[in-house]
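Working notes, structure below.
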């Protein structure tokens, strides 16, 4: 009897080893890189918001677009590129042309990725050839340093050089779903539990909480001191989300616009002279219940405090990692009624033109000229809060690529 028990135990242990080996092989796949979505962070990124929205968006594609998706994946496989590369190309194509091989666009932008012959992407016949344009996109992507470590939409932006970079993130769940279904990357359920915006916001707030008591220093972004936009930037960076440093840029490019009345913890709230988005001079993390966490101004420390109005609180907040497209009001909304006017006592003062200016910055104690922080340019005037997929013709002028030898952008829109 004891021999039988020992035999059963040994057999069970052997079966467990075989099962573990099979699981390891599934995750490792070919070439030593994870091919299953069970290792979602390694292959496709932990930033999407689950299967539901991705499947829904994918269901809106027509047959032509699905065929282009299949070809993006086929060529990616032929070139032995990881699934993340396919996802990046799908997100770029959806953003630039709705995954359509169009023969028109802004200036001379053409094809799936709105590549511009005048900027060195190829001839007209080449950039409108589906296989050529896909291969060209992959060629430029592979020249982007550390593209595999970036959020897919960020990598797409590095190739396209758009004036509206955050639009590429909109299609992340859809692209991830298509990689799973059309690319036959198994284990999609492993990504259904990826962090939502609420989880990421909690991580950002937790980081900012740890900075309470550290001094405000103009231009600082940690670790021992912060200015207002440096604190919000590093807080969201701790959650794995990249937003610009400049507070005006955070308003225009930092995420999805949401009415102040619908603000959630982790959203960015802004103050601007006359509530003008182009005169933003201060930003804070919203905590809920009209409370914020911010780096106030020189001579003060990072703190939690009540949100104030002072005639400067903007009616829209920015959500760096939205779970779903935010509602877009038909007309600007006024600040929520229960936000108190400028408080007395130890609450931060309203920052206005009488406060001494810090040249070249938009942070507290500055003018509203829109000048950038040290070593930076003024923030772009474009507002990326409009439709997620611009029609061809809405793209921006070309700008040089940011990796050595890269052509200028094909779209930028």
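The values are calculated or read from the model by the stated rules, or taken from the named source; none is laboratory data. Computed from a prediction, not measured in an experiment: that's the story for all the values here. Please note: Cβ atoms are built from the backbone with ideal geometry, for glycine as well, and neighbour counts cover all protein chains shown.
Considering each residue of the stretch 288-310, count those that are surrounded by fewer than 16 Cβ atoms within 10 Å (Cβ to Cβ) and touching a helix residue (DSSP H, G or I) at 6+ places or on another chain (Cβ under 9 Å), and give that number.
The qualifying residues number 1.
Going through the stretch 103-114 one residue at a time, which ones are over 12 Å from residue 134 (Cα atoms) and assigned to a loop (DSSP other than H, G, I, E, B)?
Within the stretch 103-114, 103, 104, 105, 106, 107, 108, 109 qualify.
Out of the stretch 162-174, which residues are surrounded by fewer than 24 Cβ atoms within 10 Å (Cβ to Cβ) and not in a helix (DSSP H, G or I)?
Within the stretch 162-174, 163 is the sole residue that qualifies.
For the stretch 129-148, indicate whether the set of residues that are at pLDDT below 90, part of a loop (DSSP other than H, G, I, E, B) and within 20 Å of residue 84 (Cα to Cα) is non-empty.
Within the stretch 129-148, one or more residues are at pLDDT below 90, part of a loop (DSSP other than H, G, I, E, B) and within 20 Å of residue 84 (Cα to Cα).
Go through 260, 285 for me and flag whichever is under 30 Å from residue 174 (Cα atoms), in the same structural domain as residue 249 (by TED's automatic domain parsing) and at pLDDT 95 or above.
Of 260, 285, the one residue that is under 30 Å from residue 174 (Cα atoms), in the same structural domain as residue 249 (by TED's automatic domain parsing) and at pLDDT 95 or above is 285.
Looking at (1) at pLDDT below 95; (2) closer than 14 Å to residue 69 by Cβ; (3) surrounded by fewer than 19 Cβ atoms within 10 Å (Cβ to Cβ), which is the one condition that is false for residue 87?
Evaluating residue 87 over (1) at pLDDT below 95; (2) closer than 14 Å to residue 69 by Cβ; (3) surrounded by fewer than 19 Cβ atoms within 10 Å (Cβ to Cβ) leaves (3) as the failure.
Among (1) at pLDDT below 75; (2) more than 17 Å from residue 159 (Cβ to Cβ); (3) surrounded by 21 or more Cβ atoms within 10 Å (Cβ to Cβ), which single condition is residue 45 missing?
(2)
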